[in-house]
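See below for the structure under consideration.
The values are calculated or read from the model by the stated rules, or taken from the named source; none is laboratory data. Quick caveat, the model's predicted, so the values are computed rather than measured. When we count neighbours, we look across all protein chains shown, and the Cβ atoms used for this are built from the backbone with ideal geometry, even at glycine. Note: areas computed on protein heavy atoms with side chains; ligands, DNA, RNA excluded. Shrake-Rupley method; radii C 1.70, N 1.55, O 1.52, S 1.80 Å.
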Amino acid sequence: MSNLKMKEAALIYLDRSGGLQKFIDDCKYYNDSKQSYAVYRFKILINPSDVVELDAELGNHILHQPLKAAEVFQSVCFIAVKTLSLIGQLQTETQINIVLKLSHLPPLPSYGLDLCEFPLDYTSQRFYMMQGIVIAMTTVTKYTQGARFLCSDEACPLSKGFQYIRVHVPGATESATIRNDFLCDLCASSLQEDRKFRVLGDKQIVEIITTKALHAFQGSSNNQPFRFQSLTIFLRDESVNKMNMGNEYKIIGIPTCVKTSQTAVCIEANSITFCNAKVPSGISDNFRCLLSLTSSSCWKFTAILANIFASQITPPGTYNLLKLCLLMSLVQITDRKKELEDCLDILIITSDTLLADRLLNFSINLVPRGIRHPVSTEIFPTLSRNKYGTGAVSIQAGSALLAKGGICFIGDLASHKKDKLEQLQSVLESRSITVYIPGKKFGEDIDQQMTFPVQCSFWSFVDMDSSSRRNAQKINTLIGQMDCSLIPANLVEAFGLLINCNESSPCHPFLPTVQHTLKKAINPEGLLYVASRQFTTEDFEKLLAFAKNLNVEFSLEAERMIHGYYLASRRIRTDSICGSKLSASALKYLVSLSEAHARLNLRNEVRKEDVLIAALLFETSLTLKYGATVFCVAPNAVFPFELYNEEYLEQRDLYLTQCQQQLEQFIATYGPGTTIFSSDE
């Protein structure tokens, strides 16, 4: 009686949810097909809340005994087919393969599977929900959805018909579906597969890690040993290719135990949902007050941010230019758009690599996807053999894809080999990486290739005082140009910003840094400055999270200024022999810099004042690469004065206003519409 009641409830649910009509439509497709089927597969969408409200026992079966619940729906569907004459070829109930797809699970702790907890429950054969980031995936291969077997004894009644049907169930291996040692229940003769009725489906294996494991890649482990383990997800049929490398997903599935060379817990995926990042509601009160006090200027707020940023690593007022660029790069990392031009890549030339390393490492810990590339691993995807013996190739993500929507800090550029630097240059230019899969090496008939978008910003530095650099012969340089002969010129060009951080320069006074280092050695956990207590690390995290989710648009005058500067700068850096030194991507970097400064100001509109900062930063970078030109910018143009008080901020505003006038004059002289431009230009 209980079973009959659940079947009635299943039929009512199918009718109310629209599932019955979809089932009838699917039956019509099978009935109209000229192909003969041994197994008829039907996908039924289940909302557990609605089912529990309708019939608690059926809902309990779906949540805790999904295989038995599928049998209930199988029986209901078979009766419907026979009663309504939906499929003429269908003979037995076992030919119907029901797949229940759940929309969600109850938001209760017992339905969650925490990848950090041990041991994992893989014996209950029920649904769990887990969440993780994709770090590896295989190519798509085939598996057996269902097969027909016949008794080998022709005199046996079961040597015909569709009495022996085997279908894949969650957690089953291929050998559980297809084997040669099955026996007939009637005469005990061996069963033989009727191969022309074998039904194949698509299969893909994905590995995920919990979000907590990302801390291992953020350089915050204090050199302590750590270990984390990935969880294997089996995707089948309509779920194949629904997960992308580096993305975070919520997965509903059934844990199972798979025995390979070693026993491993895997998840048979049932449904997949992409996880959107949480958008913060606002910023801290201290930053809100600061924003209000500096609202009369378009430059003061970001100047103060750069001045006080990372005061745990370097004293306020030092390395302001670098800190401003880091903050701008941090607010440009988001997956709000599908375009990849938002990224701001930074290459730093410094004589103090230790301080630069600490500063960059501190910065990447302020965003969820800040990845410090471990030297023992690969930056970009690599290939390996799949450990589950399915014949598929496993593609490991690498640091760049793991940093999706964030920062990939690759350390000292000199620590990477030539071929890796060439690969990095290609990725910086194209924002994608193509993985070639040789067929012969991995047992395939043909070669394959897969292309992945690279959606992160790259940070790196170069030691200007390295032994190889000191021993290298200096080449003749132009005014303002840095000797970057040890770095491939195309790679330097591929980085959006080149920043010179020389600690002995007026921009980076030496004494405050020494005093800061000594004080931190005495009191490592102490807050040495008032700014550190007023604006905490958590305040900066909230600020960056809020700023990077702002949608910004260019004002008309800002758009005109940025195009005018780009065309004028391209004009004066073009010669008849080498052509233009500005690539087409230069305009994208200018746009990205302008947007970043507007976001850092917590504005939705890009103004000409933002374009000025972008132009000064970009021109400073161009000067380091190619030398100074007509539009001559001082190395400390963005921070011409040490920011001690309001008076110095006012002086900086006046200086930047003069720079803006010079930029407008430069555009008027060399920009579009001037006599210098030819008709073709």
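For Leu622, Leu354, Leu421, Leu567, give me the order by solvent-accessible area with a 1.4 Å probe, most accessible first, ignoring ligands, DNA and RNA.
In descending accessible area the options line up as Leu354, Leu567, Leu421, Leu622.
Label points 7 Å out from Cα along the Cβ direction at Lys43 and Lys278: separation in nm?
Inter-label distance under the simple model: 3.1 nm.
What shape does the range 355-422 take by its C-alpha gyration tensor, where a ≥ b ≥ c are the square roots of the eigenvalues and a/c under 1.5 counts as rounded, a/b above b/c as prolate, and the rest as oblate? Mind dumping the intermediate values first?
Numbers: a/c = 3.24, a/b = 1.73, b/c = 1.87.
Since a/c reaches 1.5 but b/c is at least a/b, the shape of the range 355-422 is classed as oblate.
Charges at C-beta only: +1 for Lys and Arg, -1 for Asp and Glu. How large is the resulting dipole of the range 144-257 about its Cα centre, in Debye rounded to 20? If you can, show how the numbers build up before the last one.
Values: 13 positive and 12 negative charges, 66 e Å.
For the range 144-257, the charge dipole is close to 320 debye.
Kindly report, to the nearest 10 Å², the accessible surface of Glu650 as traced by a 1.4 Å probe over protein heavy atoms only.
Approximately 80 Å² of Glu650 is accessible to the 1.4 Å probe.
Radius of gyration and Dmax for the range 1-119's Cα atoms, expressed in Å?
Rg, Dmax (Cα atoms, Å): 15.9, 51.
Using only protein heavy atoms and a 1.4 Å probe, report how much of Lys242 is accessible, in Å² to the nearest 10.
120
Over the chain, calculate the relative contact order: mean separation of alpha carbon pairs under 8 Å at least 6 apart, over the residue count, as a percent.
Values: 1155 pairs, mean separation 79.9, N = 681.
With pairs under 8 Å counted, the relative contact order is 12 percent.
Quick one: grab the alpha carbon gyration tensor of the range 590-652, order the square roots of its eigenvalues as a ≥ b ≥ c, and give me rounded if a/c is under 1.5, else prolate or oblate depending on whether a/b is larger than b/c.
Details: a/c = 2.54, a/b = 1.12, b/c = 2.26.
Verdict is oblate for the range 590-652.
Put Asp345, Asp465, Asp412, Asp185 in order of accessible area, largest first, 1.4 Å probe: what do you get? Working shown, then result.
Details: Asp345 0, Asp465 70, Asp412 45, Asp185 135 Å².
If we order Asp345, Asp465, Asp412, Asp185 from most to least accessible, we get Asp185, Asp465, Asp412, Asp345.
Among Thr620, Thr144, Thr382, what's the order by accessible area (1.4 angstrom probe), most exposed first? Show your work: numbers first, answer last.
Values: Thr620 25, Thr144 0, Thr382 50 Å².
Descending accessible area places them as Thr382, Thr620, Thr144.
Starting from the 7 Å offset along Cα-to-Cβ, what nm value, one decimal, do you get for the label separation of Leu518 and Asp445?
Once both label points are built, they end up 7.6 nm from each other.
Taking a label point 7 Å from the Cα of Arg560 along the Cα→Cβ vector, which residues of the range 604-628 have an amide N closer than 20 Å to it?
Backbone N within reach: 605-616.
Between the range 640-667 and the range 72-149, how many Å separate their Cα centres?
First find each Cα centre; the distance between them is then 65 Å.
Where nothing but the Cβ of Lys and Arg (+1) and of Asp and Glu (-1) is charged, how large is the charge dipole of the chain around its Cα centre, in debye to the nearest 20?
On the way: 66 positive and 69 negative charges, 213 e Å.
My answer is approximately 1020 debye.
Per DSSP H run of n ≥ 4, the term is -39500 (n - 2.57); total these for the chain, divide by its residue number, and report the mean residue ellipticity at 222 nm rounded to 500 deg cm²/dmol.
-11000 deg cm²/dmol
Let a ≥ b ≥ c be the square roots of the eigenvalues of the Cα gyration tensor of the range 19-60; is it rounded (a/c under 1.5), or, if not, prolate (a/b larger than b/c) or oblate? List each step's numbers first, then the result.
Details: a/c = 4.66, a/b = 2.78, b/c = 1.67.
Verdict is prolate for the range 19-60.
Roughly how much of Val240 is accessible, in Å² to the nearest 10, using a 1.4 Å probe?
20
Restricting to the chain, compute how many DSSP beta bridges are antiparallel as a %, nearest 5.
Values: 55 of 86 bridges.
Bridges in the chain that DSSP calls antiparallel: roughly 65 percent.
How much net charge surrounds Leu54 when only other residues with a Cβ under 15 Å from its Cβ are counted (Lys, Arg +1; Asp, Glu -1)? Present the calculation step by step, with values, prior to reporting the outcome.
Numbers: positive: Lys5, Lys7, Arg16; negative: Glu8, Asp15, Asp50, Glu53, Asp55, Glu57.
Charge balance in the 15 Å sphere: -3.
Specify which residue in the list Cys116, Thr536, Leu58 is farthest towards the positive end of the charge dipole of the chain, using unit charges on the beta carbon of Lys, Arg (+1) and Asp, Glu (-1), about the Cα centre.
Leu58
Quick check: Cα centre of the range 597-630 to Cα centre of the range 302-373, how many Å?
The distance from the Cα centre of the range 597-630 to that of the range 302-373 comes to 16 Å.
For His64 paired with Glu646, estimate the spin-label separation in nm (one decimal), with each label point 7 Å from Cα along the Cα-to-Cβ line.
Label-label distance for His64 and Glu646, simple model: 6.8 nm.
With unit charges on the beta carbon (Lys/Arg positive, Asp/Glu negative), name the residue among Ser594, Leu567, Ala269 whose Cα is farthest towards the positive pole of the charge dipole of the chain.
Ala269
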